[in-house]
Amino acid sequence: MGDDGDDSDDGVARAPSGCGQLEKQGRGQRGMSNGMRVDLSAMDEVIRKLWRLLDDMDKAGTTSKYDTTIPEHAFGQTSGEVVFQEAANLHGAQNEMKTKIEGIIKKLHELIDDFSTKTSKVRDKYNDEEHEIKKSVGGDSGSSAKNPMADK
């Protein structure tokens, strides 16, 4: 049928492409119960991308804090015979903007970190549930699958 979220012939409702980490299973011919399939590898990839984004935010935070300081004299001479009166105002405005940028980066970092943490917890819950279901139906051969995300 297309990528518009319509039900396909196999009875599985799918989200548009790019969003399809969850697939809702429709009722089978015998009225089977509804369930959800979760693509854990897609969640792992999202988590890895969030971690990379956090690393980038750390670099941006460091840059904004330490590499954007402009000394007051760079805006014009502030003492001596010739004084550029606006130099102090320009320097103050630059410091104010620098502080705002640092705050924005910090808030973005916190937001991404929070989302990453919550996504990891959800992924772990789905993984645990999957293992419990396998154990309950006898499908687990005793091997314990290691969470590839636990090392980070």
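Mind listing just one residue for me: the one in region 68-119 that is in contact (Cβ under 8 Å) with a residue 40 or more places away in the chain and of a type outside the set (A, V, I, L, M, F, W, C) and, of those, surrounded by the most Cβ atoms within 10 Å (Cβ to Cβ)? Even if it seems obvious, please write down each step before you answer.
Of the residues in region 68-119, the ones in contact (Cβ under 8 Å) with a residue 40 or more places away in the chain are 102, 105-106, 108-109, 112-113, 115-116, 119.
Okay, now just the ones that are also of a type outside the set (A, V, I, L, M, F, W, C), so 102, 106, 109, 113, 116, 119.
Values: Glu102: 15, Lys106: 14, His109: 17, Asp113: 15, Ser116: 19, Thr119: 16.
So the residue we want is Ser116.
Of the residues that make up region 108-127, is at least one over 30 Å from Met36 (Cα atoms) and of a type outside the set (Asp, Glu)? Reasoning before the result, please.
Let us first name the residues in region 108-127 that are over 30 Å from Met36 (Cα atoms), namely 108-110.
Subsequent filtering for residues that are of a type outside the set (Asp, Glu) retains 108-109.
Yes, region 108-127 has at least one match.
Laboratory data are not the source of any read-out in this text; all were calculated from the coordinates shown. Not measured: the values here are computed from a predicted model. Positions of Cβ are backbone-derived with ideal geometry, glycine not excepted, and every protein chain shown enters the neighbour counts.
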